[in-house]
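Student: Structure below; questions to follow.
Each reported figure results from applying straightforward, stated rules to the coordinates on display, with no laboratory input. In this text the structure is predicted, and so the values were computed from the model without any measurement. Positions of Cβ are generated from backbone atoms using ideal geometry, with glycine treated the same way; all protein chains shown enter the neighbour counts.
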There are 4 protein chains.
Amino acid sequence: MVSSAEEAAFEVGIKFGTLYHQFAGTPISPASAPSLETAMEEAIENQPYCTDVTVDVLTAALEAELAGGPAAYTELTGRFMEVDVVVDYEGTRAVARMEMDDGYPLMELVEVET
Amino acid sequence: MVSSAEEAAFEVGIKFGTLYHQFAGTPISPASAPSLETAMEEAIENQPYCTDVTVDVLTAALEAELAGGPAAYTELTGRFMEVDVVVDYEGTRAVARMEMDDGYPLMELVEVET
Amino acid sequence: MVSSAEEAAFEVGIKFGTLYHQFAGTPISPASAPSLETAMEEAIENQPYCTDVTVDVLTAALEAELAGGPAAYTELTGRFMEVDVVVDYEGTRAVARMEMDDGYPLMELVEVET
Amino acid sequence: MVSSAEEAAFEVGIKFGTLYHQFAGTPISPASAPSLETAMEEAIENQPYCTDVTVDVLTAALEAELAGGPAAYTELTGRFMEVDVVVDYEGTRAVARMEMDDGYPLMELVEVET
């Protein structure tokens with residue numbers, strides 16, 4: 001048997017894996033970042049039980065990366081975004097977050113509320 | 001030796017492969033289609049030599065697909081979009097297009113102009 | 001506070017979202033299916049807490065799809081695979097499964113064992 | 001009108017864009033690299049006109065990356081692979097290659113032979 005809290009946690013995990021691996025590698029520049037943020041949010045919000053997705057592309061980190069080389073764009077990776085996802089599974093809310101932690105993008109389950 | 005016309009054709013090919021395989025599989029609904037169109041266009045326009053990308057999500061095809069089942073979204077595939085890409089490689093222009101042809105998404109090199 | 005059971009469920013969800021959205025869209029034929037199965041399994045088993053991944057490409061479904069048209073390959077989607085993933089989060093085991101359910105690929109949390 | 005040489009160059013470009021953006025972001029370790037190399041080769045060889053794909057994961061570069069941190073895997077990017085693709089379009093052969101050039105993955109059209 002699986003509890004609603006476990007189901008909600010499972011669902012929010014699916015959304016994170018989806019968002020990251022669907023969009024990592026996308027060509028991105030400071031100018032194109034806003035449209036990609038919106039598209040990622042709206043795409044993932046289509047998935048079942050998903051009530052809210054917020055993607056924040058870290059423009060300063062992106063600009064710092066590009067300042068070091070000849071290219072005007074790079075590929076999206078976890079270093080360049082912070083993401084919050086909220087799922088509501090039949091009344092149980094799960095919240096997860098991705099941000100950099102000591103040089104690695106860390107996906108963290110923040111809370112599950114029955 | 002490789003001619004400018006061949007280089008331009010190569011570059012527009014890269015853009016098509018990138019666009020299709022970066023974004024195929026993205027959760028999409030009629031409501032989220034416009035933001036994904038814009039994000040695909042701006043992402044690919046970041047790539048070298050790429051001057052113009054136009055993505056048209058086929059909303060009617062998307063709605064027909066969803067009308068047949070319980071889900072409110074599906075995954076983006078070639079059946080649901082038409083794409084035009086223009087590349088300018090050092091003065092040589094290459095134009096390519098993707099559209100459905102007898103049930104298959106066909107990527108076609110439309111013209112190369114020196 | 002988040003329990004170990006919820007963490008395990010979150011982690012197994014991440015693995016499913018990753019597997020599906022990293023590899024959906026890959027060109028696949030009956031001949032290339034075995035190498036993709038192995039690569040998907042070994043790729044996802046790299047992720048934290050993931051102890052076992054089994055991917056079964058449904059060769060009969062793939063052959064039926066290809067029999068209906070001129071192409072010798074298609075794109076991988078949920079219709080063509082069944083997947084089992086096991087996660088061990090600090091002693092708590094979570095098991096999830098993806099299979100077709102009434103025409104849709106359903107990702108299901110099968111059990112969480114403390 | 002489009003020449004066979006331009007068509008061949010277009011087709012080999014599609015293969016490179018596909019390979020890179022389908023598989024970039026895949027979790028990879030030195031142990032899982034061989035199965036991913038094989039799967040990438042066989043997947044892309046399914047595509048029209050594609051006669052040969054060779055993917056060489058740069059294990060030394062991968063090990064150097066992992067030696068600098070706590071993780072046992074990373075994400076596949078252009079820094080970790082060299083790729084050769086050969087296309088035969090109705091008797092016209094096009095060859096392209098991806099390798100690192102001054103810190104950037106460069107996709108290069110090597111030759112087109114009528």
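Student: Test of understanding: ordering C:V83, D:V110 by Cβ neighbours within 10 Å, fewest first, what list do you get? Don't jump to the answer; show the numbers that get you there.
Tutor: On the way: C:V83 25, D:V110 13.
Least crowded to most crowded, the residues run D:V110, C:V83.
Student: Would you mind listing the distances between the A:E113 label point and the same position in each other copy? Use 7 Å along Cα-to-C-beta, nm, one decimal, shortest first.
Tutor: Listed shortest first, these distances are 3.4, 5.9, 6.7 nm.
Student: Hey, got the average number of other protein chain Cβ atoms within 10 angstrom for residues in D:74-87?
Tutor: On the way: counts 2, 10, 4, 4, 2, 0, 0, 0, 0, 0, 0, 0, 0, 1.
Per residue, the number of nearby Cβ atoms from other chains is 2 on average.
Student: Note down the net charge around C:G69, summing +1 for each Lys or Arg and -1 for each Asp or Glu among other residues with Cβ under 14 Å from its Cβ.
Tutor: Local net charge: -4.
Student: Can you give the alpha-carbon Rg of the protein assembly as shown over 2.2 N^0.38 Å, where N counts its residues?
Tutor: 0.94
Student: Two decimals, Cα atoms only, Kirkwood Rh: what is Rg/Rh over segment C:4-113?
Tutor: Using only Cα positions, Rg/Rh for segment C:4-113 is 1.02.
Student: Can you list the copy-to-copy distances for C:D102, using a point 7 angstrom from Cα toward Cβ, in nanometres, shortest first?
Tutor: Its label point is 3.7, 4.6, 5.9 nm from the equivalent points in the other copies.
Student: Could you name the residue in chain C with the C-beta closest to the rotation axis that superposes chain C on chain B, along with the separation in whole Å?
Tutor: Of all Cβ atoms in chain C, the one nearest the axis gives C:G25, 2.
Student: Once you charge only the Cβ atoms, +1 for Lys and Arg and -1 for Asp and Glu, what is the size of the charge dipole of the protein assembly as shown about its Cα centre, to the nearest 20 debye? Show your work: numbers first, answer last.
Tutor: Details: 16 positive and 88 negative charges, 0 e Å.
Magnitude of the dipole: close to 0 debye.
Student: Moving on to the next point. Can you run the Rg to Rh ratio on segment C:6-58? Use alpha carbon positions and the Kirkwood inverse-distance Rh. Walk me through the intermediate numbers first.
Tutor: Values: Rg = 11.8 Å, Rh = 11.8 Å.
Ratio of gyration radius to Kirkwood radius: 1.00.
Student: I would also like to ask the following. Say we join alpha carbon atoms closer than 10 Å with springs in a Gaussian network model of chain C; which of C:D52, C:D102, C:D84 then has the biggest fluctuation?
Tutor: Between C:D52, C:D102, C:D84, it is C:D102 that shows the largest mean-square fluctuation.
Student: Still on this model: Under Stokes-Einstein, with the Kirkwood radius over Cα pairs standing in for Rh, what whole-number D in µm²/s applies to segment A:67-114 at 20 °C and 1.002 mPa s? Numbers along the way, then the final one.
Tutor: Working: Rh = 12.8 Å.
In µm²/s, the coefficient rounds to 167.
Student: Among A:T54, B:T74, what is the fewest-to-most ranking by other Cβ atoms within 10 Å? Present the calculation step by step, with values, prior to reporting the outcome.
Tutor: Values: A:T54 13, B:T74 18.
Going from sparsest to densest Cβ surroundings: A:T54, B:T74.
Student: Next question. With r defined as the distance between the Cβ atoms of A:D102 and B:D102 and R0 fixed at 41 Å, what FRET efficiency is calculated, to the nearest 0.05?
Tutor: Values: r = 53 Å, r/R0 = 1.29.
According to the calculation, E is roughly 0.20.
Student: While we're here: So what's the back-of-envelope 222 nm ellipticity for the protein assembly as shown, counting only DSSP H runs of four-plus at -39500 (n - 2.57) apiece and dividing by all residues, rounded to 500? Please list the in-between numbers first.
Tutor: Details: 12 runs with 168 residues, N = 456.
Roughly -12000 deg cm²/dmol at 222 nm, from the helical runs in the protein assembly as shown.
Student: Considering only B:V110, B:A31, B:G68, whose Cα is most displaced toward the positive end of the charge dipole of segment B:4-113, charges sitting on Cβ of Lys, Arg (+1) and Asp, Glu (-1)?
Tutor: Farthest towards the positive end: B:G68.
Student: To make sure I understand the rule: partners must be lysines, Cα under 25 Å from the Cα of C:K15, and not fewer than 8 residues away in the same chain. Which ones qualify?
Tutor: A:K15
Student: Let me ask you something else. Given charges of +1 on the Cβ of Lys and Arg and -1 on the Cβ of Asp and Glu, with all other atoms neutral, how large is the dipole of segment D:1-83 about its Cα centre, in debye to the nearest 20?
Tutor: Values: 2 positive and 13 negative charges, 53 e Å.
It works out to roughly 260 debye.
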